[in-house]
Ligand code: BTN
């Protein structure tokens, strides 16, 4: 398979009003790791796309496999005021969902904090894409590296989905990348001006577990159960916990649906 061609991505973005600098590699350890090393010097809108990562990383020190046929993996570097960071990975999830909807995708949903799911009515949901936002600071300047791993085909042996499951026809990887960058640029412009608060309502309309009974497992292995009432303006998860007044905010953790309860809540 040929390398992703930056010139073709640029021509797909010709009238978009955004200018990205795109570099394409056959192999690297991790596109996030590479861009983090350049955070102090690189301008906003630098994109690194790699056909294959040897040490691709996911949230919570998980790994992320990538092959040219199997996935689209890239990172975008952006300078952002520190006060606008809250909810960023949620905003990027929305950009990804908007982009795939442009190609005719259906049954997509967002899972807090950073997953895009394919949720067909008659089958088990599967993870279609993951987002890893990493931060670098130098002085007062904050740089974010936004890493996206999108499955083109369903990975074998995993409860995951591929783009071929949810699109009527597969676009080229260049057209796909161009649309995702376009939507990401738009979302980042909103975040820069107003913060995630301005996207919160739209995010919740696509939220896979809105008003469902869920359990949240955090890094310290504490499991909390409650009803998911969405997210706040900073992107924190809001849970209604039995016996506790009001809503409790969570900033990290792995969310899962509590089986069989979801239809009872809403
Ligand atoms: C997750 O689901 O935990 C997030 C996965 C993010 C993977 C992408 S692939 C491109 C970028 N480079 C990395 O090393 N990770 C992100």
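The values are calculated or read from the model by the stated rules, or taken from the named source; none is laboratory data. In this text, all values refer to a predicted model and were calculated from it rather than measured experimentally. Using ideal geometry, Cβ is built from the backbone for each residue, glycine included, and neighbour counts are taken over all protein chains shown.
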What are the residues in the range 87-112 that are buried (at least 17 other Cβ atoms within 10 Å of the Cβ) and modelled with pLDDT under 95, if any? none
For the structure I just gave you, tell me whether residue 72 is touching a helix residue (DSSP H, G or I) at 6+ places or on another chain (Cβ under 9 Å), in a strand (DSSP E or B) and surrounded by fewer than 17 Cβ atoms within 10 Å (Cβ to Cβ). no
Name every residue in the range 43-61 that is over 17 Å from residue 131 (Cβ atoms) and either touching a residue at least 60 places away in the same chain (Cβ under 8 Å) or within 8 Å of the ligand (Cβ to nearest atom) (or both), in order of residue number. 45, 55
Checking residue 1 against (1) near the ligand (Cβ under 9 Å from one of its atoms); (2) not assigned by TED's automatic domain parsing to the domain that holds residue 139, only one condition comes out false. Which one? (1)
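Residue under question is residue 106, and the condition is that it be in the same structural domain as residue 199 (by TED's automatic domain parsing), more than 16 Å from the ligand (Cβ to nearest atom) and either touching a residue at least 60 places away in the same chain (Cβ under 8 Å) or in contact with a helix residue (DSSP H, G or I) (Cβ under 8 Å, 6 or more places away or on another chain) (or both); does it hold?
yes
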Only residues that are out of contact with any helix residue (DSSP H, G or I) (no Cβ under 6 Å at 6 or more places or on another chain), assigned to a loop (DSSP other than H, G, I, E, B) and within 15 Å of the ligand (Cβ to nearest atom): list them for the range 124-158, please. 125, 155, 158
Can you tell me how many residues in the range 45-66 are modelled with pLDDT of 95 or more and under 22 Å from residue 80 (Cα atoms)? 5
All positions within the range 75-93 that are away from the ligand (no atom under 16 Å from the Cβ) and either on the phi < 0 side of the Ramachandran plot or outside any loop (DSSP other than H, G, I, E, B) (or both): 79, 80, 81, 82, 83, 84, 85, 86
Being within 16 Å of the ligand (Cβ to nearest atom) and more than 16 Å from residue 76 (Cα to Cα) is the filter here, so list the residues in the range 4-34 that pass it. 26, 27
